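The structure under discussion appears below in the form of structure tokens.
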Amino acid sequence: MRVGGSRLRRQRNRRKITKIEKCILWIRGLWEKIPPDRIYLTILLVFGVVCLTATGGWKYYLDPFREGMEMFVRDLPDQEEGPDERQGEYQTGTGESQRKETPARPSEESAKQDPGQDPERDPEQDPEETRSFSFDTVEDDYFADAVFIGDSRTVGMYEYGGLQDISAFYASTGLTVRKLFTAKIVEVPGERQKITVEEALSARQFAKIYYMIGINEMGTGTAESFLQDYAESVERIRQMQPDAIIYLQGIMQVTAERSAQGDYITNEGIAVRNEGIAELADNETIFYLDVNEAVCGEDGAMIADYTYDGVHLKAQYIPLWKDYLKSHAVVYDQ
Amino acid sequence: MVFCSIEFLLYFLPAFFIFYALTPKRFKNVVLLAASLVFYALGEPRYLFLLLASVTVNHFVGRFLGAEPYYKDRYQGTGKYSTYLEWRKGVLLFAITGNVGILFLFKVAMRGEALPLGVSFYTFQILSYLFDVYQGIIPAERSLIKTAAYVTMFPQLISGPIVNYGEVSAAMSERRMSWQSVQNGLKLFTLGLVAKVLIADRVGILWNDVQVRGIESISTPLAWLGAIAYSFKIYFDFYGYSLMAMGLGGMMGFRFPENFRNPYMAVSVRDFYRRWHITLGRWFCNYIYIPLGGNRRGELCTARNLLIVWALTGLWHGGSGNFLLWGILLWVLIVIERQIKIFLDRHPIGGESIWKQMRLVPHLYVWAVIPFTWMCFAITDVRELSVYLGRMLGAVPQSAVQPNDWRAALHTYGGLLAVAFIASTPLIRRLYRRWRDSAFTNVILAALFWICVWRIMVEGDNPFLYFKF
């Protein structure tokens, strides 16, 4: 049995080698058949077929046909990845109904799992139970037991907010709600391997959590799906940090010019998401901070002078944002 | 339309060359002209009429200017000949005023808003044609189709090189498109595409990064990194376009002049601008500098002529003040370099050998000065420009600066900057000349071509669009 098996394997190996050799010989034969003044063109065409197949680039050729003869080619495999994302752009018309449903859904789920720690209680339902609070102005040391979680804008706060040695920052360019749990972005002192935000949050307790995320998700999914993910992430953070005050910062608006640029980032889309985020605040341990008050003009868009690309605050205007946070520290009224 | 777009690479390029190759010889110019107009209209339909009008009027101006031998033969010595000569001068002046006036109107008066695509290039090309005809260097082209095809030819319509008619007039009537020319042209085109998409657009992100941070708040090393990144970006952008133009022209059997010759390997600013955008430098030299007297009327006059040339060069690039500043700054440097050279020629210090031993010093000088001047070119707001130059020179910052911000930038972009530097040396060109037809080169170039196409598919025309926040 053994002998037979190894022989079989050997034969198979032999056959494999000859196949590869044959292949090489075949390619070489083809190569020699191509006239030398056409070799580049030939390779270019072959690679082109490979490239267009691998990237789905045939759509550039097929789509015009498809549009022309939609009736006939409806059966072709769907390759539209780009347009799908575009559709994710929020439409205000349908938004009204979605917005009201969204925050409710995760809270229902959580109520089933863990009814005692439900952070999503509607503030309107139990106004009496809510501890009253007010916003106070604080100094930098307030942030000593705080963590900032966010995307490249929070990276800007890290670099130019003057809080590098005071607070913890779990921030990275391109961070999304989902990546919080998958992307290894947090450095651990003395360790080479980075860990995810989730792992970092379960390892260390904070008193305040500043959370701003969402601009990167504008292009994928809908406002509804984003808010669902967002609510879930707040839920997870709540579970891991039961004693922390969670500050949900509204997604910072972009400039009017950037908003009108014609891609998925629009101030309307941001506003809809912010409304949903604001509804997650229970004003007990979870608070909504409308940081846009600090950086936006009367039109509700980021002031153009504050930014180069219309999205990120310039370093010298980061203090506006920081000062807003400093003047909005929650103090519970006794 | 631009070369590095899906529309051009996947539709226009193959469609045009297949159609062009199948066209009988005597219709090739018509097809080239028609395709070029389509190419132009797809990018800027509004100014197609301006382009057509400009070409037509200037064609007939050219024919009038070129009729001099005819009048000389028939009417020399008579009043008719001298009247013609007077009219000839007048028509030339009128044509210059008209062409330059339109350019000036769009560049300066309208502050560069709504600038017709390629107007700076085709106006200069037309003017070079008229001047050459006027001076009798070339005969006037009789066929409107050929003049129009020469000016609007899509490979060089939008961003050069500025081809003299003498260089292509023979090819306008008789050129050969062969498998070999298509293959070599496509390879050159690929090199240009790689320079644009894989180098210029990538290093451009670092330059963008610096500005997003806010130029008030960058450290001095980061300000230099940003300036270096911009220097590479503008070079590979422009060089890439020139290479693509040469490649496309070469495919059809044209030979376009070389536009760049490793400018960052220059040893002085003068040397740099003999290697940078050569066809524009040549234009200013032939049609402004030399008619003004060049360098033959003493140093003072030379300095004046250079000043005129550089102020105009600045204006040609754009109407705002920073371009003028850029031109003047270069003029100052060039005049100083001239004087130093004259001084050294008269009083040789340590002889020639000492300068040959210090070969790196002139390079270091160029690498320090050129990024600095590029910033005057890049930042159109004069107040911002002064802030940036202040940061480069280490002036006291107005806002909080992270002293280590450059480390992260160097970490991310260091490799790319090194690649860009190597690509700025003559190395790649030498390797390409030596190994152009090897199987390895063929495979690598074809792969790079499609990698570029794939990048464009992902990013669109704008590499910052899909930039993550």
Once both label points are put 7 Å beyond Cα along the C-beta direction, the A:ASP136-A:VAL50 separation in nm becomes 6.7 nm
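What is the antiparallel percent of DSSP beta bridges lying wholly in the protein assembly as shown, to the nearest 5? Walk me through the numbers before you get to the answer.
Numbers: 8 of 26 bridges.
Given both bridge residues lie in the protein assembly as shown, the antiparallel proportion sits at roughly 30 percent.
Compute, for the protein assembly as shown, the length of the dipole vector about the Cα centre, with Cβ point charges of +1 (Lys, Arg) and -1 (Asp, Glu) only. Units Debye, rounded to 20.
Details: 83 positive and 84 negative charges, 1580 e Å.
Dipole size: approximately 7600 debye.
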Given a Förster distance of 56 Å, the FRET efficiency implied by the Cβ-Cβ spacing of B:ALA400 and B:LEU105, rounded to the nearest 0.05, works out to 0.80
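Within the stretch B:126-210, list the GluC sites (Glu not before Pro) lying in a DSSP loop whose Cβ has at most 10 other Cβ atoms in a 10 Å radius.
Numbers: sites: B:GLU141, B:GLU167, B:GLU174; in loops: B:GLU141, B:GLU174.
Counting only loop positions with at most 10 other Cβ atoms within 10 Å, the GluC sites (Glu not before Pro) in the stretch B:126-210 are B:GLU174.
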In nm, the gap between the two label points placed 7 Å beyond Cα toward Cβ at B:ARG346 and A:GLN261 is 5.6 nm
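Provide a whole-number value for the mean count of partner chain Cβ atoms within 10 Å of the Cβ atoms in peptide B:438-449.
Working: counts 0, 3, 0, 1, 8, 5, 1, 4, 11, 5, 1, 6.
So the per-residue partner count for this stretch is 4.
Would you please put B:79-85, B:192-198 in order of how densely packed they are, using the mean number of other Cβ atoms within 10 angstrom per residue and starting with the highest?
Numbers: B:79-85: 13.3, B:192-198: 23.7.
Packing order, densest peptide first, comes out as B:192-198, B:79-85.
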Phi-derived 3J(HN,Hα) across the stretch B:83-91 with the Karplus relation (6.51, -1.76, 1.60, θ = phi - 60°), rounded Hz, x for Gly and Pro, is 4, 4, 4, 5, 4, 4, 4, x, 5
A chain fully extended from B:SER169 to B:GLN135 at 0.36 nm per residue, minus the present Cα-Cα distance, gains in nm 10.6 nm
Applied in sequence order to the stretch B:114-124, the curve 6.51 cos²θ - 1.76 cosθ + 1.60 (Karplus, θ = phi - 60°) yields integer Hz couplings, x standing for Gly and Pro, of 6, 6, x, 4, x, 5, 5, 6, 6, 4, 5
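Within the stretch A:128-197, which trypsin sites (Lys or Arg not before Pro) sit in a loop by DSSP and count at most 13 neighbouring Cβ atoms inside 10 Å?
Working: sites: A:ARG131, A:ARG153, A:ARG178, A:LYS179, A:LYS184, A:ARG192, A:LYS194; in loops: A:ARG131, A:ARG192, A:LYS194.
Filter output for the stretch A:128-197: A:ARG131, A:ARG192.
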Of all GluC sites (Glu not before Pro) in the stretch B:201-307, the ones in DSSP coil with at most 15 other Cβ atoms within 10 Å are B:GLU258
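Round to the nearest 0.05 the FRET efficiency obtained for B:LEU52 and B:ILE444 when R0 = 51 Å and r is the Cβ-Cβ distance. List each step's numbers first, then the result.
Numbers: r = 42 Å, r/R0 = 0.82.
According to the calculation, E is roughly 0.75.
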Note, the stretch A:308-319: 3J(HN,Hα) by Karplus (6.51, -1.76, 1.60, θ = phi - 60°), whole Hz, Gly/Pro = x, goes 9, 9, x, 10, 9, 5, 5, 3, 6, 9, 4, x
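Per residue, how big is the convex hull of the stretch A:135-332 when only Cα atoms are used? Give it in Å³. Could the numbers behind the result be given before it?
On the way: hull volume 22.9 nm³, N = 198.
Hull volume over Cα atoms, normalised by residue count, gives 116 Å³.
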antiparallel share of DSSP beta bridges within the stretch A:135-332, to nearest 5, in %, is 25 percent
Among B:ALA368, B:MET457, B:LEU300, the residue whose Cα sits farthest towards the positive end of the charge dipole of chain B (+1 at Cβ of Lys and Arg, -1 at Cβ of Asp and Glu, taken about the Cα centre) is B:LEU300
The long-range amide H neighbours of A:ALA329, using H built 1.01 Å from N in the peptide plane and a cut-off of under 5 Å, are A:ASP136, A:VAL138
Amide H neighbours of A:ALA171 at under 5 Å, excluding residues fewer than 5 places away on the same chain, with H built from the backbone geometry, are A:GLY150
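For the protein assembly as shown, what does the helix formula give at 222 nm: sum of -39500 (n - 2.57) over DSSP H segments with n ≥ 4, over the residue count, nearest 500 deg cm²/dmol?
Working: 35 runs with 473 residues, N = 803.
Here the helix-only value at 222 nm equals -19000 deg cm²/dmol.
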If R0 = 25 Å, then A:THR220 and A:GLN193, at their Cβ-Cβ distance, give a FRET efficiency to the nearest 0.05 of 0.35
Amide H neighbours of A:LEU289 at under 5 Å, excluding residues fewer than 5 places away on the same chain, with H built from the backbone geometry, are A:LEU248, A:GLN249, A:GLY250
When the charge dipole of chain B is computed with +1 at the Cβ of Lys and Arg and -1 at the Cβ of Asp and Glu, the Cα pointing farthest to the positive end, of B:SER181, B:TYR273, B:THR412, is that of B:SER181
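All of the numbers you see were taken from the coordinates with simple rules; none came from a lab. All figures in this text were calculated on a predicted structure; none of them were measured in a lab. We place every Cβ from the backbone using ideal geometry, glycine too, and count neighbours over all the protein chains shown.
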